[in-house]
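Here the structure comes first, spelled out in structure tokens, and everything after it is commentary.
The values are calculated or read from the model by the stated rules, or taken from the named source; none is laboratory data. The structure presented is a predicted model; accordingly, all values stated were derived computationally and were not measured.
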Amino acid sequence: MPPVREVPLTVLRGFAMGTADIVPGVSGGTVALVLGIYRRLVASIRAGSVALGRVLRADLRGVREALAAVEWTFLLPLLAGILAAVAALSGLLERLLHDHPEAMAGLFLGLVAGSTVVAWQLLTTRDLRRLALVAAAAALTFVLLGIPETTTADETARAATPAAWAFFAAGAVAICAMILPGVSGSFLLVALGMYGPVLGAVNDRDLGLLVVFVAGCVVGLASFSRLLHWALNEHYDTVTAALIGLMAGSLRVLWPWPGGVESTALGAPDASVPLVAALATIAAVAVVVVNAAATRLEHRTTTDEVEELRSV
């Protein structure tokens, strides 16, 4: 059990993860890896998923044993920090997305592009099969995200808040990024068209929708942690290649024109090109440089990170 004096530091670590999770293109899982808490986080998550499974089987004794394996003095302060970051920054991001859609899309595009480069470094086998998988996943994602919507942008803007099941599904998918370095949960929300609605629910303090979203997170996290453990141990490079392709193809969602992150249409660039290009370049370089600097400060190598991922 960690000492009480570690709690404030753990809250700050959670705040760093929450800040990353709310910005499309930056992975909370990557931050956890850099901060050296990734293995502890996933171990607690796996113990929690075991507890949930035993609840469903009405194995009360097994539930107690599984819950005892969760490092609560670490996990609860970490979650407090994550929630504090989300609450503090969601309003600012919503305003920026509304007032500067092209600039924010360019910034997010650069962050995702930089994260794709970081994820590429974690691919240990770059043979023809993996390269083909990267290309296929990228092409398929790019095409699927370009399927025309049945409503116009104005109609979409006037549409009602998505159904509760959409928030549940979004939570189940996006939370996977917490235990999968290189993939941004907020970016997955953007790809699903749920980033704006979830951000709005946080700012409006819509407790009903937030509870549904959190329930989706719990179910997704409990289910995905076991699958991730198996996949990374048995098919590490195949999984990594598919994720790299997913991230590359999904850049379509962040094409700044028209409408920023609110449209998948590939419009013609306008006068904002210099600003957008500058923000995208700065963001991409920042992600790569920060990752390299953190790795050096932690005296870690790419091989160390791969081995830690495989050992979760």
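Here is how the numbers come out for the structure above:
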item: Residues of segment 68-111 that turn out to be β-branched (V, I, T) and in a loop (DSSP other than H, G, I, E, B), as a count; result: 1
item: Whichever residue in segment 254-269 is modelled with pLDDT under 75 and outside any loop (DSSP other than H, G, I, E, B) and, among such residues, is farthest from F108 (Cα to Cα); result: E262
